Amino acid sequence: MVKSVKSGTDTEFVGWRSLVWPIHNFELKKFLPMAVMMLCILLNYSLMRGMKDSLVITSMGAKTIPTLKLWFVLPSAVVFMIIYSKMSNAFSKNTVFYAIVSFFAAYFVLFAAVLYPYHQYLHCDFSGFLIETKWLKWVEALLKPIGNWTFSSFYVMSELWGSAMVSLMFWRFANDVTSLKESKRFYSMFGFVANCSLIFSGTFLKNIKGSGGGSEADQWSALPLLTCMMVVSCIVIVSLYYWLTESILKDPRYYNPSEIKKPKKKEKMSLMDSFGCIIRSKYLGFIALLIICYGVSINLVEVLWKDQAGILYPSKDAFNSFMGGVQIYTGIATLVFMLVGANVLRRCSWLVGAIATPLAIFITGCIFFLFIIFKGSLDPLVSSIGGITVLGVVTTVGLLQNALSKAIKYSLFDPTKEMCYIPLDEELKSKGKAAVDVIGGRAGKSGGALIQYLLLNVVFVGSTLVELAPVIAVIFTVILLAWMTAVSGLNKEFLKVTKQ
């Protein structure tokens with residue numbers, strides 16, 4: 001039996017419902033549409049994430065990923081933020097939301113109808129222009145993604161969808177209409193519902209097969225269906241957003257502006273003013289540091305792991321199937337951790353929830369690096385077992401590390417980070433959040449890419465990622481220590497702001 005007790009004007013849950021579903025029945029009309037919006041956004045992201053990796057790694061190799069993130073994704077994120085800032089000044093929040101979703105939907109259709117089917121005619125081969133010298137490896141690293149520009153564009157758009165729609169558009173909307181008290185119950189449960197999409201998308205990707213026309217790696221017969229799914233998801237996202245803003249949130253039971261920090265009347269900031277505000281704000285600086293440290297640390301591990309997976313699964317179909325399995329495991333782990341995270345956020349301090357992610361990534365990352373570094377020593381032991389290879393073991397350990405890291409990131413890192421924006425004024429919520437999340441997030445991943453790019457093409461020219469694993473492990477440890485220090489500093493600032 002579900003019981004509840006009243007504390008002041010708020011009803012707190014007890015019993016099983018406090019653990020698994022701390023949402024009042026009357027709140028479902030607000031909660032469910034927002035949760036389904038997030039589910040559709042994550043569905044598209046998870047589908048694109050599996051596809052982009054199989055396209056890039058099987059065509060250009062995992063060593064191309066740092067180049068893409070550094071020289072293609074980061075500049076694109078900067079351009080996106082400039083456009084977003086200009087649009088925010090010229091149009092309403094609703095118009096900006098609809099325009100950005102429509103832009104991505106149009107690209108999905110273009111890629112499925114033109115760019116992928118005719119990529120062999122659109123790509124360029126620059127191999128004849130390369131001089132065989134190790135000091136020009138950085139040239140080769142740039143020419144590969146330029147030559148395979150349709151695949152590179154899909155990689156860039158996939159990364160931007162994650163930054164623009166998940167980190168910026170959805171969470172900005174949620175922060176605008178959710179009180180701090182509601183966020184402690186809603187935010188983890190948003191993730192609990194939305195991350196069911198990982199299991200669905202993983203199952204779909206795992207069962208994609210080649211069309212049978214030519215090489216197995218050349219075509220995906222399921223691409224039109226996959227594109228239809230992503231476009232339908234965009235339509236659902238826009239429809240739910242319209243329903244929420246035009247109907248549900250007009251009801252004071254679901255949206256009471258007095259419970260949300262009122263925006264201050266102030267002049268619109270320019271792009272440079274936005275950056276200046278972030279630089280001057282210790283509070284936003286700590287949030288940015290958290291995002292950057294997460295991006296760098298996860299990228300240092302992920303590229304090395306995908307390099308091993310690409311060797312084990314060399315074709316697009318096989319790698320796509322493998323990534324589908326990764327998403328299924330990530331989805332299951334996330335659902336479990338979401339229940340744990342929801343209770344941690346309500347029962348423990350913000351610091352406990354925020355410090356859990358770097359601790360988990362540090363522990364699992366160190367285990368993965370140990371397996372990579374001592375890969376040769378493990379070979380005789382693994383061979384004696386029979387039926388498995390040391391490459392398979394390393395790939396599986398990386399899979400578990402990635403799944404657990406993503407699960408705890410979705411369940412604790414994202415909610416605790418988003419809670420920090422709620423007490424801020426409108427300008428810092430909008431443009432400050434755009435700069436911190438879009439640019440900070442891309443700078444984090446590009447920071448990891450820059451480290452790997454310099455190690456591979458400047459410092460240790462001609463080395464493989466596996467050979468650089470000990471160096472990467474040391475850098476990984478330093479980044480995690482900086483992350484934990486930033487969490488401590490942000491906790492002090494967060495307590496000051498919430499008390500005010």
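Every number in this text was worked out from the coordinates using simple rules, so none of it is lab data. Model, not experiment: these values are computed from the prediction. All Cβ positions, even for glycine, are placed from backbone atoms using ideal geometry, and neighbour counts span all protein chains on display.
Before moving on, here are some points about what is shown:
- Net charge, Asn402 excluded, C-beta distance under 14 Å - Lys, Arg +1, Asp, Glu -1: +1
- Seen from Ala360, the other residues with C-beta closer than 11 Å to its C-beta sum to a net charge of +2, counting Lys and Arg as +1 and Asp and Glu as -1.
- Direction-averaged projected area, Cα convex hull, the range 317-391: 7.0 nm², rounded to one decimal.
- Between the beta carbons of Leu370 and Thr95, assuming R0 = 51 Å, the FRET efficiency works out to 0.50 to the nearest 0.05.
- Average projection area in nm² (convex hull over Cα atoms of the range 454-500, one quarter of hull surface): 4.3
- Members of Lys52/Lys409; Lys306/Lys409; Lys184/Lys250; Lys29/Lys206; Lys29/Lys445; Lys52/Lys445 lying beyond 25 Å, as alpha-carbon distances in this model show: Lys29/Lys206; Lys29/Lys445
- Couplings for the range 147-155, taken from phi via the Karplus curve 6.51 cos²θ - 1.76 cosθ + 1.60 with θ = phi - 60°, read x, 9, 5, 5, 5, 5, 5, 5, 4 Hz in order; Gly and Pro are left as x.
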